[in-house]
1. May I ask you to list the residues in segment 22-50 that are among the charged types (D, E, K, R) and surrounded by 14 or more Cβ atoms within 10 Å (Cβ to Cβ)?
2. Cβ-Cβ below 9 Å, separation at least six or inter-chain, first residue in segment 31-52 and within 15 Å of residue 14 (Cα to Cα) and acidic (Asp, Glu), second surrounded by 15 or more Cβ atoms within 10 Å (Cβ to Cβ) and at pLDDT below 95: which pairs?
3. When you go through (1) in a loop (DSSP other than H, G, I, E, B); (2) farther than 24 Å from residue 4 by Cβ; (3) modelled with pLDDT of 95 or more; (4) not basic (Lys, Arg) one by one for residue 24, which number turns out not to apply?
4. Of everything in segment 1-17, what is surrounded by 14 or more Cβ atoms within 10 Å (Cβ to Cβ) and of a type in the set (D, E, K, R)? Give them in sequence order.
Amino acid sequence: MSVPEDMDFAKALRQLEETVKQLESGELSLEDSLAKFEEGIKLARRLEGILDSAERKVEEILSGSKEPGASGVAKQEGEPE
């Protein structure tokens, strides 16, 4: 199974959980277990990529907010600086 690049986090996580359940059941043949294991690795890598991307976005947002006046909160009239 190939994991589509556009698969979202929730769907990939559900599929990984289902794959783990199937592997833990002990009802699969060796060949099927290996195929499911490979599928699980691909899903885990997809999830890791999504999390890495989200982490980079958070870091970009936080690094931008460290600049003076870049708190993201508009000052109200009459509010001290």
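The values are calculated or read from the model by the stated rules, or taken from the named source; none is laboratory data. What you see is a predicted model; the values in this text were computed from it and never measured. FYI the Cβ positions are ideal-geometry reconstructions off the backbone, even for glycines, and counts take in every protein chain you see.
1. Listed by number, the residues that qualify are 36, 39, 42, 46.
2. 39/3
3. Single failed check for residue 24: (1).
4. Within segment 1-17, 11 is the sole residue that qualifies.
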